[in-house]
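Taking it in order: structure first as structure tokens, then the write-up.
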Amino acid sequence: MLRICIVLILCSIFYGAAIGQELEVKKVKILPVPAIGYSPETKTYLGAVTLFTFNLYNDSLTRTSNAKLEVNYTWNKQLILDCGWNYFFKEEKWFTKGQVLYSKYPDYYYGVGANTPNSNKLTFNSNRFFFEGFALKKIGFKLFTGLNARFIGYTKVEPLNSLPNYPELVDGSTLGIGYSILKDTRNNLLTPLNGSYLYFNTSYNLANRNYGQVALDVRFYKTWKDKFTLANRFVNEFNFGSTPFYDLAFLGGDSYVRGYYYGRYRDKNLSSYQTEFRFPVAWKFGLAAFGGLSSVYSSENRFKIANIRYNYGLGVRFLVDKTDRTNLRMDYAMGNNDNSGFYISFGESF
């Protein structure tokens, strides 16, 4: 099945390059491409993704903005509607980003902790709605600060097998208000070559039992000879209080730790280091090698990080927009205990 997916994805790339050509309207580029891929959470999926890039101001101070609209249906009978954006106002005096996500999702839950065995797996259904939006004001050189708000709603949570029993798997919702500091010197948001990214956020969340969160995300990028790029990422997330199961720190998925099922391991806290080396090969194709070490852990072990999980993998890059250096990314990643995953997306994982 994985080989078939790879062949179909390569076909979709050439289809997007030859037929689904880039449309440009008043400095707004629109790139529609079929979405065919595979991940541990969805298995094979089919759909469509449209990438919008914006460069509305003729000045050297404003970086290119972007937005993504994606619709997928999976072999696991999952429906996923996803919209996200990163937008710089003129001279980057203000910056807004966010995401709106709806999914109807049969999923796996393994319980809380860094050592949950595969025998703990429970299949459950749920409808999920997620919204997060940031409004940040520039206060220094590529330094922003401001507020963010988010809403998470889990409804129709229904376990599909009786054992094991997880009483925390119930309907719930969270409304959170946070304060953020962002220092972003990356030259490109989707495919950074140089610069750094420092994000700090603290939030208070209203739920059945209120809880707090603190998150730190630090990234560094360095490119040599305009070809070879080394990217590094450090992530820490801490939860305080009675965090519901759907908002615990988790390990897995395309955004954090490729090679593990999204949410395979979850707990109050997460620490992760990821590194990636990217380089061109021929024509519009490039390769990437990546790996990392990560851990989830309880509040009692917050200063005793243990149960380290590793991941590593290789990826292919296809340049779909030379001007803004936007890549279509395909990654295959592996972790310990027979975990693995295949991912496809616009832009880099980080």
For this session: Would you mind counting up the charge near R63? Only other residues with Cβ under 15 Å from its Cβ, with Lys and Arg at +1 and Asp and Glu at -1.
Result: +4
Seminar exercise, completed: Under the 7 Å Cα-to-Cβ spin-label approximation, L216 and T145 lie apart by a distance in nanometres of 1.8
Problem set entry | All lysines inside 19 Å of K142 as judged from Cα atoms, apart from same-chain residues fewer than 8 positions distant | K90, K93, K97, K183, K222
Exercise. Across bins of 20 angstrom width beginning at 0, how are the C-alpha pair distances of the range 2-346 distributed, in whole percent?
Worked result: 28, 62, 10, 0
For this session: In nm, give the distance between the simple-model label positions of K156 and K227, each being 7 Å from the Cα along the Cα-to-Cβ direction.
Result: 5.3
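For V316, V281, what ranking results if the residue with the fewest other Cβ atoms within 10 Å of its Cβ goes first? Before the final figure, lay out the partial values.
Working: V316 20, V281 10.
Exposure proxy ranking, most exposed first: V281, V316.
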Exercise. Among N210, F130, W94, whose Cα sits farthest toward the positive end of the charge dipole of the chain (+1 at Cβ of Lys/Arg, -1 at Cβ of Asp/Glu, about the Cα centre)?
Worked result: W94
Problem set entry | Cβ charges +1 (Lys, Arg) and -1 (Asp, Glu), total dipole of the range 192-350, debye | 300
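Find how much the distance from E168 to F52 grows on full extension, using 0.36 nm per residue of separation minus their present alpha carbon separation; answer in nm with one decimal.
37.9 nm
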For this session: Work from the charge dipole of the range 2-346 (Cβ charges, +1 for Lys and Arg, -1 for Asp and Glu, about the Cα centre) and give the residue of T116, G253, L169 farthest towards its positive end.
Result: G253
Seminar exercise, completed: Along the range 57-70, Karplus-curve 3J(HN,Hα) (6.51, -1.76, 1.60; θ = phi - 60°) to the nearest Hz, with x for Gly and Pro, reads 10, 8, 9, 8, 9, 10, 6, 5, 8, 8, 8, 9, 10, 9
Problem set entry | Lys, Arg +1 and Asp, Glu -1 on Cβ, resulting dipole of the chain about Cα centre, debye, nearest 20 | 680
For this session: Measure off 7 Å from each Cα along the Cα-to-Cβ vector at D59 and S196, then give the distance between these two points in nanometres to one decimal.
Result: 2.6
Seminar exercise, completed: Going fewest to most other Cβ atoms within 10 Å around each Cβ, D217, D267 line up as D217, D267
Problem set entry | Cβ-based exposure ranking for E300, E92, E158, in which fewest neighbours within 10 Å come first | E300, E158, E92
Problem set entry | FRET efficiency estimate (nearest 0.05) - Cβ-Cβ, A289 to N76, R0 41 angstrom | 0.90
Exercise. How large is ³J(HN,Hα), in whole Hz, for each residue of the range 229-246 in order, when computed from phi with the Karplus curve 6.51 cos²θ - 1.76 cosθ + 1.60 and θ = phi - 60°, using x for Gly and Pro?
Worked result: 10, 10, 10, 10, 9, 10, 10, 10, 9, 10, 10, 10, x, 8, 6, x, 4, 7
Exercise. In whole Å, what is the distance between the alpha-carbon centres of the range 232-254 and the range 34-49?
Worked result: 24
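Here, each number is a calculation from the coordinates, and none is a lab measurement. Predicted model only: the values in this text are computed from it and were never measured. Every residue, glycine among them, receives a Cβ derived from its backbone with ideal geometry; neighbour counts consider all protein chains shown.
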